[in-house]
1. Among the residues of segment 78-119, how many are out of contact with any Pro (no Cβ under 7 Å at 6 or more places or on another chain), hydrophobic (A, V, I, L, M, F, W, C) and surrounded by fewer than 21 Cβ atoms within 10 Å (Cβ to Cβ)?
2. Which residue, of GLU201, GLU171, GLU197, is closer than 20 Å to ARG88 by Cα and free of Cβ contacts under 8 Å to residues at least 12 places away in the same chain?
3. Consider SER162 carefully, then state whether it is of a type in the set (S, T, N, Q), in contact (Cβ under 8 Å) with a residue 40 or more places away in the chain and exposed (fewer than 14 other Cβ atoms within 10 Å of the Cβ).
4. For segment 38-59, name all the residues that are more than 10 Å from the ligand (Cβ to nearest atom) and touching a residue at least 60 places away in the same chain (Cβ under 8 Å).
5. Output the number of residues of segment 19-54 satisfying the condition of being farther than 18 Å from VAL169 by Cβ, buried (at least 16 other Cβ atoms within 10 Å of the Cβ) and of a type in the set (Gly, Ala, Ser).
6. Pairs only if they're at least six apart or on different chains, beta carbon under 9 angstrom, first in segment 88-101 and farther than 16 Å from THR31 by Cβ, second more than 10 Å from the ligand (Cβ to nearest atom) and among the basic types (Lys, Arg); list them, first residue then second.
7. Failed condition for ALA23, given (1) within 11 Å of the ligand (Cβ to nearest atom); (2) under 27 Å from VAL190 (Cα atoms); (3) out of contact with any strand residue (DSSP E or B) (no Cβ under 9 Å at 6 or more places or on another chain), with all others met?
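Every number in this text was worked out from the coordinates using simple rules, so none of it is lab data. In this text, all values refer to a predicted model and were calculated from it rather than measured experimentally. Every residue, glycine as well, gets a Cβ built from its backbone with ideal geometry; the counts of neighbours run over all protein chains shown.
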Amino acid sequence: MKLVFLGPPGAGKGTIASQAKTAYSIPHISTGDLFRDNIRRETELGQKVKAILAAGDLVPDEVTIAMVDNRLKEADAAAGFILDGFPRTIAQADALARMTELDKVVNFVLDKETVVRRLSGRRVCKSTGRTYHILYNPPKVEGIDDETGEPLIQRDDDREESVRNRLEVYEASTAPLIDYYRSRGLLVDVDASGSPEEVFEQLKKAISG
Ligand code: AMP
């Protein structure tokens, strides 16, 4: 199953992807996680993109496309994948179409106010990228990752200033992909306003049809 998860930041794509990857035995490929991993390891790519991520801007297409192209060539992605956070521009979508054929594009639908509320309460485990919400999806022990026991942090770009910019970038560059994929008959809408369990149930129905 080759899936793309589309939707504004904070819609819960990462949370649902980590459930779906187990259920469907396919890797969860998050371009944001790949960039953050490079920043943490201080690679050349990481140094190049660090300030861009902190501001909530988009990494240039050619850099992002090359990274995804390499990742999709790895053996675990041969039978399927969940792409989370890619494509984010029409140029990226065109490039992806040249790399592989998709089964479905899932559009996580969520209003702006809820997005801001979710992002401000989001906490992540730095080493695994697992995400929580202090109210809606809390860890078993406050401030601690359920599996690794590491402390949870707030992402730099979940601060208000970056959040506003990320939403503007989403509207301008990424939202047009909804029509792009709808016109190609690939889009399925999922209401992302419920609990992770509810959204996951909807996802299963949406992609089985
Ligand atoms: P995310 O974790 O998906 O919210 O991504 C975090 C940040 O990584 C974004 O705000 C961008 O700076 C960068 N990023 C992730 N995916 C892409 C992409 N497909 N194209 C450009 N920049 C991206």
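1. Residues flagged as out of contact with any Pro (no Cβ under 7 Å at 6 or more places or on another chain), hydrophobic (A, V, I, L, M, F, W, C) and surrounded by fewer than 21 Cβ atoms within 10 Å (Cβ to Cβ) within segment 78-119 amount to 9.
2. Details: GLU201 fails: closer than 20 Å to ARG88 by Cα; GLU197 fails: closer than 20 Å to ARG88 by Cα.
Of the residues listed, the single one that is closer than 20 Å to ARG88 by Cα and free of Cβ contacts under 8 Å to residues at least 12 places away in the same chain is GLU171.
3. No.
4. Once the filter is applied, which keeps residues that are more than 10 Å from the ligand (Cβ to nearest atom) and touching a residue at least 60 places away in the same chain (Cβ under 8 Å), segment 38-59 yields only ARG40.
5. 2
6. Close Cβ pairs satisfying both conditions: ALA97/ARG184; GLU101/LYS2.
7. If we test ALA23 against (1) within 11 Å of the ligand (Cβ to nearest atom); (2) under 27 Å from VAL190 (Cα atoms); (3) out of contact with any strand residue (DSSP E or B) (no Cβ under 9 Å at 6 or more places or on another chain), just (1) comes out false.
Residue by residue, here is whether (1) on the phi > 0 side of the Ramachandran plot; (2) in contact with a Lys or Arg (Cβ under 8 Å, 6 or more places away or on another chain) holds:
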{"residue": "TYR24", "(1), (2)": "no, no"}
{"residue": "ILE29", "(1), (2)": "no, yes"}
{"residue": "GLU42", "(1), (2)": "yes, no"}
{"residue": "GLY46", "(1), (2)": "no, yes"}
{"residue": "VAL49", "(1), (2)": "no, no"}
{"residue": "ASP57", "(1), (2)": "no, no"}
